[in-house]
């Protein structure tokens with residue numbers, strides 16, 4: 001594969017992304033200039049706000065609070081475990097040149113290795129290594 005093909009594909013993705021962004025902005029301006037739409041949007045936001053307040057009141061009471069805390073905690077654990085698993089599977093792929101692994105139940109499982117292009121000059125990814133993996137901030141105090 002030639003680098004020029006990759007560069008051309010990146011250029012096309014950025015071109016189409018810009019076109020989408022411009023078109024969305026034009027549509028947003030069109031919606032905002034329509035008074036009927038603006039009025040309906042305001043009403044909808046008020047109803048959504050009341051629904052959110054009612055939902056929060058229900059979820060923050062007694063046993064529901066415990067369940068929502070458990071869901072949040074387990075979701076964070078799953079997210080962390082998936083990030084670790086992704087790094088481990090990437091390393092496994094490099095070392096073993098295969099996209100299959102046997103799980104703890106003896107079943108062969110396939111996985112895919114995914115590469116993503118990071119945005120140009122973005123501080124958003126300063127906490128990532130060269131492979132996009134999160135690297136905790138190192139403290140200089142000893």
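Each value in this text was obtained by applying a stated rule to the coordinates, not by laboratory testing. Quantities reported herein were computed from a predicted structural model and do not represent experimental measurements. FYI the Cβ positions are ideal-geometry reconstructions off the backbone, even for glycines, and counts take in every protein chain you see.
Summary table below
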read-out	value
Residue check for residue 5: loosely packed, with under 10 Cβ neighbours inside 10 Å and closer than 30 Å to residue 120 by Cβ	yes
Subset of region 11-41 (residues that are over 30 Å from residue 120 (Cα atoms) and exposed (fewer than 10 other Cβ atoms within 10 Å of the Cβ))	33, 35, 36
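So that you can scan it fast, the table gives a plain yes or no per residue for (1) out of contact with any helix residue (DSSP H, G or I) (no Cβ under 7 Å at 6 or more places or on another chain); (2) part of a loop (DSSP other than H, G, I, E, B); (3) under 24 Å from residue 128 (Cα atoms):
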| position | (1), (2), (3) |
| --- | --- |
| 71 | yes, no, no |
| 80 | yes, no, yes |
| 91 | yes, no, yes |
| 106 | yes, yes, no |
